[in-house]
Amino acid sequence: MDAILSEVYSTVLPAAPFVIGAYVGVLLVFAVFAAMMWGKQKKTAADIEALREALDRREHES
């Protein structure tokens, strides 16, 4: 094996678990953030629908 490639592999391969761990961590943070935003969006959509229904009832009463 080439001496330069041997040096590169000896530097890169030991760090691979840390790189993989960093990617997994970032993906987990993104997944949690997306789940939180999805939940808030559903609640906001439900609130908007409740406001529309209340507005329709108010218009029909007048």
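Close contacts from segment 1-24, counting a first residue that is modelled with pLDDT of 80 or more and a second that is surrounded by 10 or more Cβ atoms within 10 Å (Cβ to Cβ), with Cβ to Cβ under 9 Å and a gap of 6+ residues or different chains, come to Val19/Val12.
Taking the criterion of being assigned to a helix (DSSP H, G or I), at pLDDT below 95 and among the polar types (S, T, N, Q), would at least one residue in segment 38-53 satisfy it? Looking through segment 38-53, none of the residues is assigned to a helix (DSSP H, G or I), at pLDDT below 95 and among the polar types (S, T, N, Q). Only residues that are open to solvent by less than 80 Å² (accessible area, probe 1.4 Å) and not in a helix (DSSP H, G or I) were counted across segment 1-37, and they come to 0.
The values are calculated or read from the model by the stated rules, or taken from the named source; none is laboratory data. Given the structure is predicted, the values throughout are model-derived calculations rather than measurements. Cβ sites come from the backbone with ideal geometry, for glycine too, and all protein chains shown count toward neighbours. These accessible areas exclude ligands, DNA and RNA; they are computed on the full protein's heavy atoms, side chains included. Shrake-Rupley method; radii C 1.70, N 1.55, O 1.52, S 1.80 Å.
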